[in-house]
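Below is one structure, written out as C-alpha coordinates; comments come after it.
The values are calculated or read from the model by the stated rules, or taken from the named source; none is laboratory data. Small disclaimer: the values here were computed from a predicted structure and weren't measured. As a convention, Cβ positions derive from the backbone with ideal geometry for all residues, glycine included, and neighbour counts pool all protein chains shown. Quick note on the areas: whole protein, heavy atoms, side chains included, nothing else; ligands and nucleic acids left out. Shrake-Rupley method; radii C 1.70, N 1.55, O 1.52, S 1.80 Å.
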Amino acid sequence: MKILVTGTAGFIGFHLAAKLVEQGHEVVGIDNINDYYSTGLKMDRLREAGISDEATKWSQKVVSSRNANYSFIRMNLEDKDVLYKLFESEHFDSVCNLAAQAGVRYSIENPHAYISSNILGFLNILEACKRYKIKHLVYASSSSVYGNSKKMPLSTSDAVDNPISLYAASKKSNELMAHTYSHLFGLPTTGLRFFTVYGPWGRPDMAYFLFTRAIVEGKPIQVFNQGDLYRDFTYIDDIVEGIVNVLKGTPDLHPPYKVYNIGNSSPVKLMDFIETIENSIKKEAIKEFKQMQPGDVYKTFADVSDLEKDFGYHPNTPLESGIGRFVEWYKNYYNIN
(Lines give C-alpha, C1' and ligand atoms only; values in the text may rest on other atoms or scores of the structure.)
Protein backbone atom coordinates (compact mmCIF):
# COMPACT_ATOMS: atom_id res chain seq x y z
CA MET A 1 0.00 0.00 0.00
CA LYS A 2 0.94 3.62 -0.42
CA ILE A 3 0.14 5.40 2.83
CA LEU A 4 0.18 9.04 3.91
CA VAL A 5 1.13 9.37 7.58
CA THR A 6 0.74 12.84 9.05
CA GLY A 7 2.79 13.83 12.07
CA THR A 8 5.88 11.74 11.27
CA ALA A 9 8.24 14.09 13.10
CA GLY A 10 6.14 13.27 16.16
CA PHE A 11 6.45 10.36 18.56
CA ILE A 12 3.84 7.89 17.31
CA GLY A 13 4.11 8.93 13.66
CA PHE A 14 7.89 8.37 13.67
CA HIS A 15 7.50 4.81 14.96
CA LEU A 16 4.53 4.03 12.72
CA ALA A 17 6.30 5.17 9.54
CA ALA A 18 9.31 3.00 10.44
CA LYS A 19 7.14 -0.09 10.95
CA LEU A 20 5.15 0.40 7.75
CA VAL A 21 8.31 0.86 5.66
CA GLU A 22 9.83 -2.21 7.34
CA GLN A 23 6.79 -4.19 6.19
CA GLY A 24 7.28 -3.07 2.60
CA HIS A 25 4.71 -0.28 2.32
CA GLU A 26 5.46 3.02 0.63
CA VAL A 27 5.08 5.90 3.10
CA VAL A 28 4.93 9.64 2.61
CA GLY A 29 5.20 11.50 5.90
CA ILE A 30 4.26 15.10 6.55
CA ASP A 31 4.69 17.35 9.58
CA ASN A 32 4.97 21.08 10.20
CA ILE A 33 7.75 20.57 12.80
CA ASN A 34 6.16 23.13 15.13
CA ASP A 35 7.82 24.29 18.35
CA TYR A 36 5.26 23.01 20.88
CA TYR A 37 8.22 21.02 22.16
CA SER A 38 11.85 20.70 21.05
CA THR A 39 12.22 20.91 17.29
CA GLY A 40 15.66 19.41 17.85
CA LEU A 41 14.09 16.14 19.01
CA LYS A 42 11.71 16.19 16.04
CA MET A 43 14.59 16.70 13.63
CA ASP A 44 16.55 13.91 15.31
CA ARG A 45 13.62 11.55 14.76
CA LEU A 46 13.65 12.48 11.09
CA ARG A 47 17.42 11.99 10.90
CA GLU A 48 17.04 8.58 12.55
CA ALA A 49 14.64 7.71 9.72
CA GLY A 50 17.19 8.83 7.11
CA ILE A 51 15.60 12.20 6.37
CA SER A 52 18.18 14.95 5.85
CA ASP A 53 18.04 18.49 7.20
CA GLU A 54 16.57 19.55 3.86
CA ALA A 55 13.32 18.58 5.58
CA THR A 56 13.22 21.99 7.25
CA LYS A 57 12.36 23.55 3.87
CA TRP A 58 8.63 23.91 3.30
CA SER A 59 6.88 21.76 0.67
CA GLN A 60 10.07 20.02 -0.44
CA LYS A 61 9.96 16.24 -0.77
CA VAL A 62 12.96 14.56 0.88
CA VAL A 63 13.59 10.85 0.30
CA SER A 64 15.07 8.79 3.13
CA SER A 65 18.69 7.74 2.70
CA ARG A 66 17.85 4.52 4.54
CA ASN A 67 14.81 3.41 2.60
CA ALA A 68 13.61 4.78 -0.74
CA ASN A 69 10.05 3.82 0.22
CA TYR A 70 9.94 6.60 2.81
CA SER A 71 9.81 10.31 1.99
CA PHE A 72 8.96 13.39 4.01
CA ILE A 73 7.46 16.81 3.25
CA ARG A 74 7.15 19.71 5.64
CA MET A 75 3.70 21.27 5.41
CA ASN A 76 0.71 22.47 7.40
CA LEU A 77 -2.58 20.60 7.26
CA GLU A 78 -4.24 24.01 7.32
CA ASP A 79 -2.75 24.73 3.87
CA LYS A 80 -5.56 23.21 1.84
CA ASP A 81 -4.18 23.86 -1.64
CA VAL A 82 -0.78 22.33 -0.88
CA LEU A 83 -2.45 19.33 0.74
CA TYR A 84 -4.70 18.75 -2.28
CA LYS A 85 -1.71 18.91 -4.63
CA LEU A 86 0.01 16.25 -2.52
CA PHE A 87 -3.00 13.92 -2.73
CA GLU A 88 -3.34 14.55 -6.47
CA SER A 89 0.30 13.71 -7.20
CA GLU A 90 0.87 10.79 -4.84
CA HIS A 91 -2.28 8.62 -5.30
CA PHE A 92 -2.47 7.29 -1.74
CA ASP A 93 -4.37 4.13 -0.88
CA SER A 94 -4.81 4.97 2.81
CA VAL A 95 -4.18 7.83 5.22
CA CYS A 96 -3.23 7.79 8.90
CA ASN A 97 -3.75 11.22 10.45
CA LEU A 98 -1.67 11.57 13.61
CA ALA A 99 -0.83 15.27 13.21
CA ALA A 100 -2.48 17.47 15.82
CA GLN A 101 -1.80 20.11 18.39
CA ALA A 102 -1.23 17.95 21.46
CA GLY A 103 -1.40 18.65 25.18
CA VAL A 104 -4.29 19.05 27.62
CA ARG A 105 -2.86 21.86 29.75
CA TYR A 106 -1.47 23.76 26.76
CA SER A 107 -4.97 23.94 25.28
CA ILE A 108 -6.06 26.11 28.20
CA GLU A 109 -3.36 28.69 27.40
CA ASN A 110 -3.38 28.50 23.58
CA PRO A 111 -6.89 27.59 22.42
CA HIS A 112 -6.57 28.95 18.89
CA ALA A 113 -3.77 26.51 18.04
CA TYR A 114 -6.18 23.61 18.65
CA ILE A 115 -8.95 24.95 16.47
CA SER A 116 -6.53 25.67 13.63
CA SER A 117 -4.67 22.35 13.66
CA ASN A 118 -7.19 19.89 15.09
CA ILE A 119 -10.38 21.20 13.50
CA LEU A 120 -9.46 23.06 10.30
CA GLY A 121 -6.52 20.73 9.58
CA PHE A 122 -8.69 17.66 10.07
CA LEU A 123 -11.42 19.10 7.85
CA ASN A 124 -8.85 19.49 5.08
CA ILE A 125 -7.77 15.86 5.53
CA LEU A 126 -11.40 14.70 5.28
CA GLU A 127 -12.01 16.78 2.17
CA ALA A 128 -8.83 15.49 0.52
CA CYS A 129 -9.73 11.89 1.35
CA LYS A 130 -13.20 12.38 -0.11
CA ARG A 131 -11.97 14.16 -3.23
CA TYR A 132 -9.21 11.64 -4.04
CA LYS A 133 -11.14 8.45 -3.17
CA ILE A 134 -9.01 7.27 -0.26
CA LYS A 135 -9.81 3.67 0.68
CA HIS A 136 -9.40 4.12 4.44
CA LEU A 137 -8.73 7.04 6.80
CA VAL A 138 -7.39 6.11 10.24
CA TYR A 139 -7.11 9.05 12.61
CA ALA A 140 -5.98 9.80 16.16
CA SER A 141 -8.59 10.53 18.77
CA SER A 142 -7.86 10.49 22.50
CA SER A 143 -8.91 8.98 25.80
CA SER A 144 -9.41 12.57 26.95
CA VAL A 145 -12.85 12.54 25.27
CA TYR A 146 -14.12 10.54 28.27
CA GLY A 147 -13.61 13.50 30.61
CA ASN A 148 -13.94 12.56 34.28
CA SER A 149 -16.13 9.54 33.68
CA LYS A 150 -16.47 7.40 36.79
CA LYS A 151 -17.52 4.28 34.86
CA MET A 152 -14.59 1.91 34.37
CA PRO A 153 -13.30 0.51 32.12
CA LEU A 154 -13.91 3.25 29.59
CA SER A 155 -15.82 1.91 26.61
CA THR A 156 -16.56 3.38 23.19
CA SER A 157 -20.24 2.74 23.95
CA ASP A 158 -20.08 5.31 26.77
CA ALA A 159 -21.42 8.83 26.25
CA VAL A 160 -18.62 11.35 25.72
CA ASP A 161 -20.53 14.61 25.90
CA ASN A 162 -18.64 16.32 28.72
CA PRO A 163 -15.02 17.08 27.72
CA ILE A 164 -13.04 19.01 30.33
CA SER A 165 -10.38 20.50 28.04
CA LEU A 166 -10.42 22.12 24.61
CA TYR A 167 -8.02 19.42 23.44
CA ALA A 168 -10.61 16.78 24.35
CA ALA A 169 -13.36 18.80 22.68
CA SER A 170 -11.31 19.01 19.48
CA LYS A 171 -10.84 15.24 19.43
CA LYS A 172 -14.54 14.61 20.01
CA SER A 173 -15.20 17.02 17.15
CA ASN A 174 -12.93 14.95 14.90
CA GLU A 175 -15.00 11.85 15.62
CA LEU A 176 -18.23 13.67 14.75
CA MET A 177 -16.72 15.10 11.57
CA ALA A 178 -15.45 11.68 10.49
CA HIS A 179 -18.85 10.12 11.11
CA THR A 180 -20.47 12.78 8.94
CA TYR A 181 -18.09 12.10 6.03
CA SER A 182 -18.57 8.36 6.38
CA HIS A 183 -22.35 8.80 6.36
CA LEU A 184 -22.60 11.34 3.55
CA PHE A 185 -19.81 10.20 1.24
CA GLY A 186 -19.09 6.57 2.16
CA LEU A 187 -15.54 7.42 3.26
CA PRO A 188 -14.25 4.57 5.47
CA THR A 189 -12.94 6.12 8.70
CA THR A 190 -11.56 4.56 11.87
CA GLY A 191 -10.81 6.63 14.98
CA LEU A 192 -8.37 5.42 17.63
CA ARG A 193 -8.72 6.78 21.15
CA PHE A 194 -5.13 6.65 22.38
CA PHE A 195 -4.43 6.06 26.05
CA THR A 196 -1.17 7.31 27.58
CA VAL A 197 1.57 6.21 25.18
CA TYR A 198 5.20 5.98 26.28
CA GLY A 199 8.54 4.70 24.99
CA PRO A 200 11.81 5.65 23.26
CA TRP A 201 11.78 8.88 21.23
CA GLY A 202 8.76 9.97 23.27
CA ARG A 203 7.31 13.42 23.88
CA PRO A 204 9.31 15.50 26.39
CA ASP A 205 6.14 17.13 27.74
CA MET A 206 4.79 13.79 28.97
CA ALA A 207 5.02 12.86 32.64
CA TYR A 208 7.33 9.85 32.25
CA PHE A 209 9.82 11.95 30.27
CA LEU A 210 9.70 14.83 32.76
CA PHE A 211 10.05 12.42 35.70
CA THR A 212 13.04 10.68 34.14
CA ARG A 213 14.82 13.95 33.38
CA ALA A 214 14.24 15.33 36.88
CA ILE A 215 15.32 12.14 38.65
CA VAL A 216 18.49 11.87 36.56
CA GLU A 217 19.32 15.53 37.26
CA GLY A 218 18.46 15.31 40.96
CA LYS A 219 15.62 17.81 40.65
CA PRO A 220 12.16 17.50 42.21
CA ILE A 221 9.21 16.08 40.28
CA GLN A 222 5.69 17.44 40.54
CA VAL A 223 3.20 14.77 41.60
CA PHE A 224 -0.34 15.98 40.97
CA ASN A 225 -3.40 15.14 43.06
CA GLN A 226 -1.03 13.92 45.78
CA GLY A 227 -0.17 10.97 43.55
CA ASP A 228 -3.74 9.65 43.54
CA LEU A 229 -4.06 9.31 39.75
CA TYR A 230 -4.29 6.29 37.48
CA ARG A 231 -3.23 6.01 33.85
CA ASP A 232 -3.52 3.24 31.28
CA PHE A 233 0.12 3.44 30.16
CA THR A 234 0.69 1.78 26.78
CA TYR A 235 4.07 0.99 25.23
CA ILE A 236 4.71 2.42 21.77
CA ASP A 237 5.36 -0.95 20.06
CA ASP A 238 1.94 -2.22 21.14
CA ILE A 239 0.29 0.96 19.86
CA VAL A 240 2.04 0.75 16.49
CA GLU A 241 1.08 -2.89 16.04
CA GLY A 242 -2.54 -1.94 16.63
CA ILE A 243 -2.47 0.94 14.15
CA VAL A 244 -0.84 -1.22 11.46
CA ASN A 245 -3.51 -3.89 11.88
CA VAL A 246 -6.26 -1.30 11.56
CA LEU A 247 -4.69 0.27 8.48
CA LYS A 248 -4.71 -3.08 6.72
CA GLY A 249 -8.50 -3.39 7.07
CA THR A 250 -11.57 -1.24 6.60
CA PRO A 251 -14.72 -1.11 8.71
CA ASP A 252 -17.36 -3.51 7.35
CA LEU A 253 -20.11 -1.13 8.39
CA HIS A 254 -22.74 1.13 6.87
CA PRO A 255 -21.75 3.91 7.22
CA PRO A 256 -18.13 2.63 7.20
CA TYR A 257 -17.29 4.32 10.49
CA LYS A 258 -15.84 2.98 13.74
CA VAL A 259 -14.06 4.24 16.85
CA TYR A 260 -11.84 2.04 19.02
CA ASN A 261 -9.96 2.40 22.28
CA ILE A 262 -6.27 1.60 21.92
CA GLY A 263 -4.55 1.19 25.27
CA ASN A 264 -3.11 -1.38 27.65
CA SER A 265 -6.33 -2.13 29.55
CA SER A 266 -4.35 -2.14 32.81
CA PRO A 267 -4.33 1.16 34.74
CA VAL A 268 -1.31 1.91 36.94
CA LYS A 269 -1.33 4.17 39.99
CA LEU A 270 0.90 7.20 39.44
CA MET A 271 3.02 6.43 42.51
CA ASP A 272 3.67 2.90 41.26
CA PHE A 273 4.62 4.29 37.86
CA ILE A 274 7.11 6.67 39.48
CA GLU A 275 8.56 3.81 41.50
CA THR A 276 9.09 1.82 38.29
CA ILE A 277 11.09 4.72 36.82
CA GLU A 278 13.07 5.05 40.05
CA ASN A 279 13.92 1.34 39.97
CA SER A 280 15.05 1.55 36.36
CA ILE A 281 17.25 4.60 37.00
CA LYS A 282 18.29 3.24 40.41
CA LYS A 283 17.66 6.58 42.05
CA GLU A 284 14.82 7.90 44.20
CA ALA A 285 12.80 10.89 43.06
CA ILE A 286 12.47 14.10 45.07
CA LYS A 287 8.69 14.53 45.14
CA GLU A 288 6.65 17.72 45.36
CA PHE A 289 2.99 16.88 45.85
CA LYS A 290 0.55 19.19 44.07
CA GLN A 291 -3.20 19.61 43.70
CA MET A 292 -5.14 18.34 40.68
CA GLN A 293 -4.48 20.42 37.56
CA PRO A 294 -7.30 21.95 35.45
CA GLY A 295 -8.21 19.67 32.55
CA ASP A 296 -6.64 16.54 34.08
CA VAL A 297 -8.70 13.41 34.62
CA TYR A 298 -8.52 11.12 37.65
CA LYS A 299 -8.30 7.75 35.93
CA THR A 300 -8.02 6.19 32.49
CA PHE A 301 -8.74 2.51 31.87
CA ALA A 302 -9.34 1.28 28.33
CA ASP A 303 -11.79 -1.39 27.30
CA VAL A 304 -10.00 -2.70 24.20
CA SER A 305 -12.18 -5.75 23.62
CA ASP A 306 -13.52 -4.47 20.28
CA LEU A 307 -10.02 -3.89 18.93
CA GLU A 308 -8.96 -7.32 20.16
CA LYS A 309 -11.95 -8.96 18.47
CA ASP A 310 -11.81 -7.07 15.16
CA PHE A 311 -8.06 -6.70 14.65
CA GLY A 312 -6.32 -9.17 16.97
CA TYR A 313 -4.89 -6.41 19.16
CA HIS A 314 -2.98 -7.79 22.16
CA PRO A 315 -0.75 -5.33 24.08
CA ASN A 316 1.86 -7.43 25.87
CA THR A 317 4.72 -5.17 27.00
CA PRO A 318 5.10 -5.19 30.81
CA LEU A 319 5.54 -1.75 32.37
CA GLU A 320 8.97 -2.65 33.78
CA SER A 321 10.23 -3.68 30.32
CA GLY A 322 8.80 -0.63 28.56
CA ILE A 323 10.16 1.83 31.12
CA GLY A 324 13.52 0.05 31.05
CA ARG A 325 13.74 0.50 27.26
CA PHE A 326 12.76 4.15 27.55
CA VAL A 327 15.35 4.88 30.25
CA GLU A 328 18.04 3.11 28.21
CA TRP A 329 17.14 5.23 25.17
CA TYR A 330 17.05 8.40 27.28
CA LYS A 331 20.55 7.79 28.67
CA ASN A 332 21.94 7.04 25.21
CA TYR A 333 20.23 10.03 23.58
CA TYR A 334 21.44 12.48 26.22
CA ASN A 335 24.85 10.78 26.68
CA ILE A 336 24.29 9.96 30.35
CA ASN A 337 26.53 7.33 31.94
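All other residues with a Cβ under 11 Å from the Cβ of I277 taken together, and with Lys, Arg as +1 and Asp, Glu as -1, what is their net charge? Can you show the working numbers first?
On the way: positive: R213, K282, K283; negative: D272, E275, E278, E284, E320.
Net charge in that neighbourhood comes out at -2.
Accessible surface of S52, taken over heavy atoms with a 1.4 Å probe and every protein chain present, rounds to 50 Å². Run the paramagnetic zone check for M292: 7 angstrom along Cα to Cβ, then residues of region 218-234 with backbone nitrogen under 16 Å. Once the point is set 7 Å along Cα→Cβ of M292, 223-231 turn out to lie under 16 Å by backbone N, inside region 218-234. For L270, the solvent-accessible surface with a 1.4 Å probe is about 20 Å², rounded to the nearest 10.
Among the trypsin sites (Lys or Arg not before Pro) within region 102-142, those in coil by DSSP and having at most 15 neighbouring Cβ atoms inside 10 Å are K133, K135.
If you take every DSSP beta bridge whose two residues both sit in the chain, what share of them, in percent to the nearest 5, is antiparallel? Could you put the intermediate results ahead of the total?
On the way: 4 of 44 bridges.
If I count the DSSP bridges inside the chain, around 10 percent turn out antiparallel.
Considering all C-alpha pairs of region 181-337, those separated by over 19 Å amount to 58%.
Kirkwood analysis of the Cα pair distances in the chain returns a hydrodynamic radius of 20.3 Å. The dipole here belongs to region 1-110: it is taken about the Cα centre, uses +1 on the Cβ of Lys and Arg and -1 on the Cβ of Asp and Glu, and is about 160 debye. Mean projected area of the convex hull spanned by the Cα atoms of region 1-68, taken over all viewing directions: 4.1 nm². One chain, two ends: L210 and Y36. Fully extended at 0.36 nm per residue, the span grows by 61.1 nm beyond their Cα-Cα distance.
For trypsin sites (Lys or Arg not before Pro), the sites in region 253-337 that DSSP calls loop and that have at most 12 other Cβ atoms within 10 Å are K282, K283. Accessible area ranking (1.4 Å probe, heavy atoms, ligands and nucleic acids excluded), largest first, for L20, L319: L319, L20.
For the chain, the membrane-span-like helices by this rule, meaning whole DSSP H stretches whose C-alpha atoms cover at least 27 Å of axis and whose Kyte-Doolittle mean is -0.5 or above, are 166-185; this says nothing about an actual membrane.
Ignoring everything except DSSP H segments at least 4 long, calculate the 222 nm mean residue ellipticity for the chain; use -39,500 (n - 2.57) per segment, divide by total residues, nearest 500.
Values: 12 runs with 131 residues, N = 337.
The helix contribution divided over the chain gives -11500 deg cm²/dmol.
Counting every pair of alpha carbons in region 83-206, the share spaced more than 16 Å apart comes to 64 percent. Between Y333 and M152, the modelled labels are 2.9 nm apart [label points 7 Å from Cα along Cα→Cβ].
Set against the 2.2 N^0.38 Å expectation for a compact globular protein, region 145-192 has a Cα radius of gyration ratio of 1.25. Near Y298, once Lys and Arg are set to +1 and Asp and Glu to -1 for all other residues with Cβ below 14 Å from its Cβ, the sum equals +2.
K309 sits among other residues whose Cβ lies under 14 Å from its own Cβ, and their net charge, with Lys and Arg +1 and Asp and Glu -1, is -4.
Reported value for region 37-78: 70 Å³ per residue, from the convex hull of its C-alpha atoms. In this Cβ point-charge picture (+1 for Lys and Arg, -1 for Asp and Glu), the chain has a dipole of about 240 debye about its Cα centre. When H112, H15, H179 are compared by accessible area at a 1.4 angstrom probe, the order from most to least is H112, H179, H15. Annotation: amide H-H contacts under 5 Å for S141 (H modelled 1.01 Å from N, sequence separation of 5 or more, or interchain): L192, R193, F194.
Can you tell me how much longer the chain between E217 and K61 gets when fully stretched, taken as 0.36 nm per residue apart minus their C-alpha distance, in nm with one decimal? All intermediate terms of the calculation are to be shown ahead of the outcome.
Working: separation 156, 0.36 × 156 = 56.16 nm, distance 3.92 nm.
Taking E217 through K61 to full extension adds about 52.2 nm, to one decimal.
Against the empirical 2.2 N^0.38 Å (N residues), region 1-126 has a Cα radius of gyration ratio of 1.00. If a spin label sat at a point 7 angstrom from the Cα of A68 along the line to its beta carbon, no backbone N atom of region 86-128 would be nearer than 15 Å. Estimated at 0.36 nm per residue, the fully extended path between K130 and E308 surpasses their Cα-Cα distance by 61.2 nm.
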